[in-house]
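Each remark here refers to the structure printed beneath this line.
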Amino acid sequence: MTKDIILEVLTELFISFFDEDSIQLKIDTTAKDIEDWDSLAQVGIILSIEKKFGIKLNSLEVGKLENVGAMIDLIYEKKS
Amino acid sequence: MNSNLKFHELTKGQIVNQVEKFSIKDIDSFINFSGDNSSIHASKNEAESKGFRDRVIHGAMIISKVSKLIGTILPGDSALLLNINFDFKQPLYAEDWFQISAKIVEKHSSVECITIKFDIFLIDNNIKIAKGSALVKIHNA
């Protein structure tokens, strides 16, 4: 799975999670760019990522995620 | 005194059981503060005319006891309820003793949450009245 495909899948996941068709993720997208992306939404997003990509993350890894690019790198690493 | 379990103190497979019962007064109190005076809850005659043997306990009242279990026992004060889903299978009536069986089916270490599965059944005959699940954040982890 390439990082471009991970970005596409993540975008679909975010659109579904926030029920907002206009979301267009970029590698520098952060929680500040999406209105409802707060700490509770982050919990749901992480659980959705684990389910969608079939991976397990830990709290240290999740705590370091500063933007979508970091998410993509972590998913890519876990899937490699 | 409430539990206050930390994430590392919780175990996949851990089970907690709680026995409960509602009274007619409880139904009336719930109708007063929720405003849900639907006839199957508020009127014995109306409930009987629809095939029930008495006034039916509101599903939300049953969930209130699930909330009690989460907020006081599993995990207790450390709980922050994020999601809850329930299916109601059979009616529950006042003075019926019922048991809520709660089992941790998943620990999500990435976000320090647990998924708890619930089975709720009548003590007398083991008939299942509801089942569901909840996602709970452990906020003192």
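The values are calculated or read from the model by the stated rules, or taken from the named source; none is laboratory data. Just so it is clear, the structure is predicted and the values come from calculations on it, not from any experiment. Glycine gets a Cβ as well: all are built from the backbone with ideal geometry, and neighbour counts include every protein chain shown.
Taking segment B:90-141 as the region of interest, the strands (runs of 3 or more DSSP E) fully inside it that hold 3 or more residues being surrounded by 17 or more Cβ atoms within 10 Å (Cβ to Cβ), touching a strand residue (DSSP E or B) at 6+ places or on another chain (Cβ under 7 Å) and within 14 Å of chain A (Cβ to nearest Cβ) are B:113-122, B:128-138. For B:Thr72, the stated conditions hold: it is at pLDDT 95 or above and either within 21 Å of B:Ile57 (Cα to Cα) or more than 14 Å from chain A (Cβ to nearest Cβ) (or both).
Cβ-Cβ distances below 6 Å connect the following pairs, each with a first residue in segment B:115-133 that is over 19 Å from B:Val56 (Cα atoms), a second residue that is at pLDDT 95 or above and of a type in the set (Asp, Glu), and a separation of six or more residues or different chains: B:Thr115/B:Glu106. Being under 19 Å from the mean Cα position of the chain (by Cα), under 30 Å from B:Cys113 (Cα atoms), part of a strand (DSSP E or B) and not charged (D, E, K, R) is a condition met by at least one residue of segment B:19-31. Which residues, counting only those in segment A:18-70, are exposed (fewer than 12 other Cβ atoms within 10 Å of the Cβ), under 23 Å from B:Asn83 (Cβ atoms) and among the small types (Gly, Ala, Ser)? Matches in segment A:18-70: A:Ser39, A:Gly54, A:Gly63. Output the residues belonging to segment A:39-80 that are among the acidic types (Asp, Glu), in contact with a Ser or Thr (Cβ under 9 Å, 6 or more places away or on another chain) and touching a residue at least 12 places away in the same chain (Cβ under 8 Å). Of everything in segment A:39-80, those that are among the acidic types (Asp, Glu), in contact with a Ser or Thr (Cβ under 9 Å, 6 or more places away or on another chain) and touching a residue at least 12 places away in the same chain (Cβ under 8 Å) turn out to be A:Glu61, A:Glu66.
Test each condition in (1) closer than 30 Å to A:Val62 by Cβ; (2) over 19 Å from the mean Cα position of the chain (by Cα) for B:Gly76 and report the one that comes out false. For B:Gly76, the failing item is (2).
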